Structure formats: structure tokens, C-alpha cells
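Shown next, in C-alpha cells, is the structure this report addresses.
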Amino acid sequence: MRIDIEELKNKIKPKLRPIIWRDEDNTLILLDQRKLPFEEVYVELRDPVSTADAIRQMIVRGAPAIGITAAYGMVLAIAHGNTSTLDEALKELARAREVLNAARPTAQNLFWATERMYNRARNAVNNGEARNVKELVEILRREAKAIFDEEFNAELMMGVYGLEKISDGDTILTQCNAGGLATGTGIGTATAPVRVAHALGIRVSVIAPETRPWLQGARLTVYELMADGIPVTLITDTAVGYVMYKGMVNSVMVGADRILRDGHVYNKIGTFKEAVIAHELGIPFYAIAPSSTFDLKSRVEDVRIEERDPDEVRKIRGVPIAPEGVPVFNPVFDVTPPKYVTALITEKGIIYPPFDKNIPKVLGIA
Ligand code: MRU
């Protein structure tokens, strides 16, 4: 099917705006995702420390959205008159990068975005493009906006490439929220092919596991798909195997927090289970992510899987569900080995095994 991207942009008009930048007073405005779907509350941020806190506390979450937020967090480091020389500004940016990078350990987009922003600033200072701090702020604002725009366009392309994997009437199993809230754009990664299919009149529906402990599936994926009129059914995490066994799932489409050169996919806890069951039952498993999620340098042993507060498991939205003080293990991501991954869908194309050969080839990076 030939798809006109400009026409598609008109058809997919995201309603959600989880990340807003206000130029007039250099303020980052985030939709507080902890409160969804019950309240739509925005928080305003004016410095990198509170931006890092917002990432840590999951006011904003999802790998690409964390990256975009961190990019704006870098702008905030020098946007409020706290530095007068370019030398000081670069030092401030190096500090901000450290603070932001420490917010969460697994999503590659965070490190990618702060690195890109820092390098842009350093180059602009070294080549004389920025003659003062005001000009540097402007350059960084444009860079953060470029990161957002590139993400939006990448998601459209992932949607177009992913369409190849969707037939009329298909049901897609996902995990967590890899939708427009998780990327900041309103489109999403795992949801991009679904949104493109829906916009083109192809019938497609989604099964969303609730995704304990933060319930991103129940609270966020369901909320955003319902808002766009895309059929979605909520299941418990424990029903994943049964719905696949029952033949209710045509393919699994998930996002990713990091993808390694050999095809290991890091994503929300529970993804690995979906991949193994899909493999066993002959259901294709796709991880969908932009190139900013790929980490071609690290090996599995280098990547830290975030472990969060035990109370996230002992309680559900503040209500205790287990005896007080019970020991808890709360890893919030897992890693799916390449043998369970049918293909990776990126903005540059679909990548098939062998991944170590094909990832650098398709992404065009060594
Ligand atoms: O802990 P979260 O909510 O930040 O985890 C999010 C996920 O695991 C997503 O699937 C991933 O970041 C991809 S988002 C397009």
C-alpha cells in the first residue's frame, strides 16, 4: 500500500500533549501521568533538578518521552539567567547532564538526549555559533524541539513500516504503555502501526495487560486508545498466556527502553514472558523503537535494570494489598533475548535477524 506521509499527518492528529514547552518564559510543562486517567493535571518545571525528579517520580515516563524531557531539562540549566559566560554555561550543562542521567537507569533515550544536547552546546561554543549565553539558550531550545519533531516523524515512519505486519481484523497484544504518552508525541511506538492502520480504515484492536505495579496498561494505554476510538480490551497480567493460547492474538507489539547490537530488547517487566509464550505458540513478536533507543556499545552485563520502591508492590495506588514489611523484589524492566524477537521495527525500516549484522546496516551506524 502506498502511503502519503503528509496525508497521514492530517489523519493522525494526536489529542494528547504530555510535554509542552513554553517559549515566553522558558518553562517545561508536563502532564502528570501518575494521576491519569482520573485527573489531567500539568506541572511546570524551570530547572534540571526538578526535571530529573519528575522523571524519577514518573510524572513523565516512557523512553522517548524521558529523552525529550531531559533535552528540555538541559535547556532549563542555562535558561534562567544563572550563568553569564559561555564557559560557565558549559559547566552548568555538564552538571545538568549528570543530574538528569541519574534519574532512571534503563532507558537509553535519556542518555542519548543529554549527550546530544551537550555536544550541540559544546560545538556551538567552539565554532563561534553561540556568541553569548542568550544565543546558546536559543540554539538548545531549537535542538530540543528538533528532538521532539524527529521523534514525531520517526513514529509515523514506524507506523508505516509496521503496517506491513498488520492484516485487517488483527488483534495486537502489547505491554505497558508504549503509546503517545510514553513518547510525548501522542502517537507512540508500539501503538504507531495500530494508529496508522486505524487511520487508514484497517480494522485493528489491542489487548492491553494492566502492567503491575504502575498499571501503565490499565491507566494509560487503555485511556489513550479509547480517546482515539481504537478498540482495546484490558486484561490482567496473568491472563497473557491464556489469551495467546486461545488464539486471540495475531501478533505482539511492544516498545523498548533499550535495544543492544545483538538484538536484546529491554522493556517493561512482563515483556519477556510475552515473547517466550509468543515464540512457543508461533505468534510473531515485534519490538518497535526509534534509533535513539539503540545502544550499540553496551553488553547485557552493562545494562542496569531499574528496581523501584517495594511499596509499589505492597500497595496498589496507596492501598496495602500484602502484609506490611513483606520482602519485595521489584525490577521494573526485563530483557528479551534475540531468539524470541521476530523483528525490530524502526523509523529506518524493519530489522530481521541476524541482528548484530542487520542493526548497524539498517540504522546506518557502525
Ligand atoms: O517505567 P516506564 O513507564 O517508563 O516504562 C515504559 C516502557 O517500558 C515502555 O514500553 C518503553 O519505554 C517504550 S515507550 C515508547
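The values are calculated or read from the model by the stated rules, or taken from the named source; none is laboratory data. Given the structure is predicted, the values throughout are model-derived calculations rather than measurements. Glycine gets a Cβ as well: all are built from the backbone with ideal geometry, and neighbour counts include every protein chain shown.
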Between 140, 225, which is in contact (Cβ under 8 Å) with a residue 24 or more places away in the chain, over 22 Å from residue 346 (Cβ atoms) and assigned by TED's automatic domain parsing to the domain that holds residue 14? 140
Residue match in region 156-173 (condition: among the acidic types (Asp, Glu) and either part of a helix (DSSP H, G or I) or in contact with a Cys (Cβ under 6 Å, 6 or more places away or on another chain) (or both)): no
With respect to the numbered conditions (1) surrounded by 21 or more Cβ atoms within 10 Å (Cβ to Cβ); (2) over 26 Å from residue 358 (Cβ atoms), which one is the sole condition not fulfilled by residue 285? (2)
Could you go through region 106-128 and let me know if any residue there is assigned to a loop (DSSP other than H, G, I, E, B), assigned by TED's automatic domain parsing to the domain that holds residue 91, hydroxyl-bearing (Ser, Thr, Tyr) and surrounded by fewer than 24 Cβ atoms within 10 Å (Cβ to Cβ). yes
2 or more residues in contact with a strand residue (DSSP E or B) (Cβ under 8 Å, 6 or more places away or on another chain) and in contact (Cβ under 8 Å) with a residue 12 or more places away in the chain: qualifying helices (runs of 4 or more DSSP H) within region 1-84: 48-56, 63-79
On the basis of being crowded, with 18+ Cβ neighbours inside 10 Å and out of contact with any helix residue (DSSP H, G or I) (no Cβ under 7 Å at 6 or more places or on another chain), does residue 251 make the cut? yes
Provide a single number: the residues in region 257-311 that are under 30 Å from residue 245 (Cβ atoms) and free of Cβ contacts under 8 Å to residues at least 24 places away in the same chain. 2
Verdict on residue 161 being more than 30 Å from residue 283 (Cα to Cα), surrounded by 16 or more Cβ atoms within 10 Å (Cβ to Cβ) and within 21 Å of the chain's Cα centre (by Cα): no
Unique residue being over 11 Å from residue 140 (Cβ atoms), of a type outside the set (Asp, Glu) and free of Cβ contacts under 8 Å to residues at least 40 places away in the same chain when the list is 123, 109: 123
Could you please let me know if residue 96 is more than 22 Å from residue 189 (Cβ to Cβ), assigned to a helix (DSSP H, G or I), in the same structural domain as residue 136 (by TED's automatic domain parsing) and touching a residue at least 12 places away in the same chain (Cβ under 8 Å)? yes
